[in-house]
Structures are given as structure tokens and as C-alpha cells.
Amino acid sequence: MKIAITGGTGLVGKALSNELVRSGHEVVILTRKVTEKGYNPKFVQWLNPGDQPENELAGVEAIVNLAGATINSKWTKEYKQKIIESRMKATTEVKRIIAALNRKPNVLINASAVGYYGTSLTGEFDEQSEPGHDFLADTVKNWEAAANEANIRVVLCRFGLILAKTGGALPRMLFPYQLFAGGKIGTGSQWLSWIHIEDVIRGIIFAIEEKQLKGAVNFVSPSPVRMDQFGRTISQVLKRPHWLPVPVFAMKFALGEMSVLVLEGQKVKPEKLLTAGFSFKYPVLEKALKDILANHSV
């Protein structure tokens, strides 16, 4: 199968590309600047004036759109606009590419986020739940609406916190424990909907192959935990104490509006993946962390 990936140099994109190549698929990575040569994966320039990546995409059967500025940066007014514009620009260009291809791909897999649901200490969300009413919820809602305009099957991957050894939020969450200063963040009662990077990759491939799967799909483990339990599990796996709390005011001072990512949360269930028959390799947090942190130097 020939598969195109945008955002192919990021955390999920790299892991997905490696697995697809290992499995014998032909991969094309769309990137703003080609710095690597090779046949598989093949790197093709896009999003610059005059770029016509569609010329290299004849026969592509799936497009995986993971492009967008990271949300793990301080949310100034200017950066919030970058978060929005980077996602909308990339998705608009993906739709243009699809329209330009003589033979359309079978599916567009588009990144999204559980931020769609807003935050809640008591609610539980599945794919049928209504959107929230904050910055992230509004951003994701508009992003998904743009992707849904593609005239092919669309799967919207609403990612929770992706756990990986390098990249993403986990290394920063581990750092206090490495210093023997780990503890709950804020009240510790906020929900954390997480997923192992390997299940993310397996889930994306499942979504490409499962022709009946479409629309919003929650990419989270079936076992969300509260933040305090998340920290205690890290403590157990790393054999480091969990004792020094980080107060709410300190997180808000350090991160500003972005502190919502760690101080608030949502309990999200992967109903559509489970109903479609997807089997999680790492459904339980302790097992996931033990795999990721095996031979981890602390």
C-alpha cells in the first residue's frame, strides 16, 4: 500500500513511518523542507509557494495528516493563532491534493484531540459527546470540520496523552521523579486519558484497513486514570517517591493558559475502536509505563 504522511517527522509520524516501512508499505512523507533522500520513505516538499506534491502521490491509497504546531508551548495570543493556522493550512492543502489526484485515496486519517470535549472532573465522554467551549475545543471542532470536507472516508483520531520514551509530554513528567521530587499536580483529581505510542500506531493502521470505521474515533486507553494515580504509578515503576505536590498557582504562573492541559482533564472512552474490534496491547497504565521505561536510566 502507498501511504502519504504529513507531519511525518514528529513523534507519531516517525513511529508510524517506521512501522509502515517495516511492514512493506511504500511511504511518502510531505515536509516543508526536504533534508533527507531515499526511496522508502520518500520525502516530498509541500506548503511552500509553487509546491505540487500531488505529482509524487499517484496511486496513494491513504493520507495521514498529522501536521500542526505543538500545543506544548506557552499560549501567547500569537502562538494560539499559530496553533490554529498551522492545522487549518495543512488540512486545506491536503483537501486540495486529494481533489487534484485522478485516483482518490481510500481514506484520510486526520489528527485531532480529546480537547474537543472540553474539561470535566465528573463527566465521561465518548465519540457521541458534545464539544466543549474553550480554546482547544473550538480549535479541534473547526479542524475536524475542515477535514470532513474531503470527499472520501475520513477518520478523525482524537488523541489523548501519548506516552512514549522520547518526545511528547512523558519525559517532562518523569523529570521531577528523577530528582526524587515527584508528586501530584494541582488537586490530583483531574482525569488523564492516555495511550501508549504503540497502540497509536496500531490504531492508525487499523483505521486505514477497517473500511467501516469513519468519523471521530477516540485514541485513548480504555483505562483512564486520575492525575494523582498517574504520578503514583510512575513512582512505583521508577521506584521513586511521590510526595511533593505542585500547587495550582505555580502551574498557572509557569504555563499560563496552557496549564489547562495538566490542571484540568477529561475521562474519555475509546468506544468506537473497541466496538470495531481493536485490541489494545497496553490497556493498563502500569503495563504501558513498564514497557516504555524498561532500562530507563534514572
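Quick notes on this one:
- Note on the chain: GNM, Cα springs under 10 Å; of LYS211, LYS104, LYS95, the largest mean-square fluctuation is that of LYS211.
- Magnitude of the charge dipole for the chain, about its Cα centre and with charges confined to Cβ atoms of Lys, Arg (+1) and Asp, Glu (-1), is about 580 debye.
- Pairs of Cα atoms nearer than 8 Å and 6+ residues apart set the relative contact order; for the stretch 2-292 it is 18 percent.
- Highest mean packing first, where packing is the average number of other Cβ atoms within 10 Å per residue, the peptides 10-22, 192-204 line up as 192-204, 10-22.
- Segment THR187-LYS287, length gained on full extension (0.36 nm per residue, minus Cα span): 33.5 nm
- Overall, the anisotropy analysis places the chain in the prolate class: the square-rooted eigenvalues a ≥ b ≥ c of its C-alpha gyration tensor yield a/c not less than 1.5, with a/b exceeding b/c.
- Positive-pole candidate from ALA58, ALA99, MET88, dipole of the stretch 51-108, charges at beta carbon: MET88
- Over 18 Å apart at the Cα level, from the set LYS33/LYS80; LYS89/LYS141; LYS165/LYS290; LYS80/LYS141; LYS82/LYS141, are LYS33/LYS80.
- Interchain or long-range residues, amide H under 5 Å from VAL44's placed H: ILE29, LEU30, THR31
- Ordering of 214-221, 227-234, 278-285 by burial proxy (mean other Cβ atoms within 10 Å per residue, highest first): 214-221, 227-234, 278-285
Quick note: the coordinates plus some simple rules give every number you see, no bench work behind them. Keep in mind that this is a model prediction, so the values were computed, not measured. Here the Cβ is made from the backbone with ideal geometry for all residues, glycine too, and neighbour counts use every protein chain on show.
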